[in-house]
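Report on the structure given below.
None of the figures in this text is laboratory data; all of them are computed from the coordinates on show. Just so it is clear, the structure is predicted and the values come from calculations on it, not from any experiment. Ideal geometry is used to build each Cβ from the backbone, glycine not excepted, and the neighbour counts take in all protein chains shown.
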Amino acid sequence: MYPKVRFFLYCFLIIGLFCSCQPKDTFSWNAGLSGPKNYPSGAPFVEYFYQGKSIAGASSGTGADQGWGITSGGYVGGDRYKPVPDSMAVKWVCSVDNLVYKGGFKLPRDKMLELFKRKVIDSYGNQNDYSVIVAGMAPGGNITLWMQGGYATTEIAKFKILKGEEDQNIDDDYKKKDIKSWGNYLAYWKIHGIPYSVWEKGEKEYPYDIGFSSKDFTYGYHLTFITKEGSWFSLDKLNSFIPWEKNEIQTKKAIEKKHKSPVQLNIQWYTDEENYKERQWYDGKIVLPQNFEDFLKTRLYSRLLISIEKDEHKDAVYGKLLLKGRNQEKEIMIFKLGKYDYKLEKQLSPEYVLPKDFVFPKWEGREPIEFPELDYWQEK
């Protein structure tokens, strides 16, 4: 027998033996954690069970706020191939309300089993095995469960723990929310409040794409959109640039045309010098109008366009947010981005940009919080 033929026969034999060792209706999956961006959960923990036996879990000593539906947390214990769980237990400290939430829930096992068998096709057309079960923990005792495979995520269930508990072991720095340690979070809460209901009901997606356009086409940029529930997505010049005054996206691969409604856009716009300190660098955090989703609900618009005309080499640049449809165009707001001064080591314009008629939401948290003074630029 030829050596190559013998080698391939051995390989097929090993693969066959390996597959035959996998128990029926078990799958290779890990446990993951999730928390909404800017609303961290302290010491989150999840454990999964099947017929009363613990089979997997995840925990984090540093908390979780990497983004709603985005996975973090270390896998703890269990075999590689595990049965699909029938129940779960969770525990975490809510940073907003300083309450401990803990509880157990029965899972829709038949639904999960079917998804494991069927697999998933992601936005790139690739078929993947589901490999992570993710538990998201949010303010108000709200929990969402997802299954993830590759770049695809499927929501499985929502749960709610109706009453949190006082925990005398909460660290004083965590509980008091001083401005020095919690300033960035406090500023975000002051602007966007706590959307308790959105974690109960979820957010809708709308059919629109996103583009960026500028006369200074040699500039690079990075856009990060944050939604009300604390999920986020990013775009850059590779997947969203539109030549000035053109209507079609000129990229090798079209971007997805379904997004949730963002409440904030973090933007960086910069020249491409290799030496970092020679770059012209502008950035800011743009708070979108509070009725922005109402425009998406009309389905009249299919594109959100971020537009900066030209860098005039001043301390700041101005841009526009526009919604475009087939026969419709609406200016959403004007924004201002400050230049970063390397000598002064500071931004030459406020970090936050607010739309006109913006109203700071009423604080609905369980405990009063001393919010920082917010330095912002607001359109007239």
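In whole angstrom, note down how far apart the Cα centers of the stretch 257-304 and the stretch 110-166 are.
Distance between centres, Cα-based: 28 Å.
Return the single residue from Gln264, Gln168, Gln66 with maximal mean-square fluctuation; model: Gaussian network over the chain, springs between Cα atoms under 10 Å.
Fluctuation is largest for Gln168.
Could you compute the FRET efficiency for Ser28 and Lys215, with r as their C-beta to C-beta distance and R0 at 51 Å, rounded to 0.05?
0.50
So what's the projected area for the stretch 186-229, the Cα convex hull averaged over all directions, in nm²? Please list the in-between numbers first.
On the way: hull surface 19.9 nm².
Mean projected area for the stretch 186-229: 5.0 nm², to one decimal.
Identify, among Phe105, Phe217, Ser307, the residue whose Cα sits farthest towards the positive end of the charge dipole of the chain, taking +1 on the Cβ of Lys and Arg and -1 on the Cβ of Asp and Glu, with the dipole about the Cα centre.
The residue sitting farthest along the positive end of the dipole is Phe105.
By how many nm would the segment from Lys246 to Lys343 grow when fully extended, if each residue of separation counts as 0.36 nm and the alpha-carbon distance is taken off? Walk me through the numbers before you get to the answer.
On the way: separation 97, 0.36 × 97 = 34.92 nm, distance 3.77 nm.
Length gained between Lys246 and Lys343: 31.1 nm.
Under 5 Å between amide hydrogens, which residues at least 5 positions from Leu33 or on another chain qualify, with H placed 1.01 Å from N in the peptide plane?
Ser72, Gly73, Ala135
List the pair-distance distribution P(r) of the stretch 25-176, using every Cα-Cα distance, as the percent of pairs falling in each 5 Å bin from 0 up to the bin containing the longest distance, rounded to whole percents.
2, 10, 20, 22, 19, 13, 8, 4, 2, 0
Taking the Cα centre of the stretch 25-176 as origin and charging only Cβ (+1 Lys, Arg; -1 Asp, Glu), how large is the dipole, in debye to the nearest 20?
The calculated dipole for the stretch 25-176 is roughly 420 debye.
Run the quick spin-label model on Asn327 and Leu113: label points 7 Å from Cα toward the beta carbon, then report their separation in nm to one decimal.
According to this spin-label approximation, the distance is 5.4 nm.
May I ask for log10 I(q)/I(0) of the stretch 197-356 at q = 0.11, 0.13, 0.14 Å⁻¹, from a Debye sum over the Cα atoms as equal point scatterers with solvent left out?
-0.44, -0.62, -0.72
What list of ³J(HN,Hα) couplings, whole Hz, do you get for the stretch 234-246 from phi and the Karplus terms 6.51, -1.76, 1.60, once you set θ to phi - 60° and write x for glycine and proline?
After applying 6.51 cos²θ - 1.76 cosθ + 1.60, I find 10, 9, 9, 5, 6, 10, 8, 6, 10, x, 3, 6, 9 Hz.
Under a plain spin-label model, where a point goes 7 Å from the Cα along Cα-to-Cβ, how far apart in nm are Lys176 and Thr298?
5.0
Per residue and in Å³, how big is the convex hull formed by the alpha-carbon atoms of the stretch 106-188?
On the way: hull volume 12.3 nm³, N = 83.
Here the figure is 148 Å³ per residue.
Let me know the charge dipole size of the chain about its Cα centre in debye, to the nearest 20, where only the beta-carbon of Lys, Arg (+1) and Asp, Glu (-1) is charged. Intermediate values should be presented prior to the final figure.
Details: 54 positive and 51 negative charges, 289 e Å.
Approximately 1380 debye in magnitude.
What number comes out for the charge environment of Leu348, summing +1 per Lys or Arg and -1 per Asp or Glu over other residues with Cβ under 13 Å away? Write down the numbers at each step before the final one.
On the way: positive: Lys314, Lys336, Lys339, Lys343, Lys346; negative: Asp283, Asp315, Asp341, Glu345, Glu351, Asp375.
Around Leu348, the charge tally is -1.
Translational diffusion coefficient, Stokes-Einstein: compute it for the chain using the Kirkwood radius over C-alpha pairs as Rh, at 10 °C and 1.306 mPa s, and state it as an integer in µm² s⁻¹.
Stokes-Einstein gives a translational diffusion coefficient of 68 µm²/s.
Using +1 at the Cβ of each Lys and Arg and -1 at the Cβ of each Asp and Glu in the stretch 25-176, identify which of Trp146, Pro36, Ser95 lies farthest towards the dipole's positive end.
Trp146
Direction-averaged shadow area of the convex hull around the Cα atoms of the stretch 121-268, nm²? All intermediate terms of the calculation are to be shown ahead of the outcome.
On the way: hull surface 49.3 nm².
Here the figure is 12.3 nm², rounded to one decimal.
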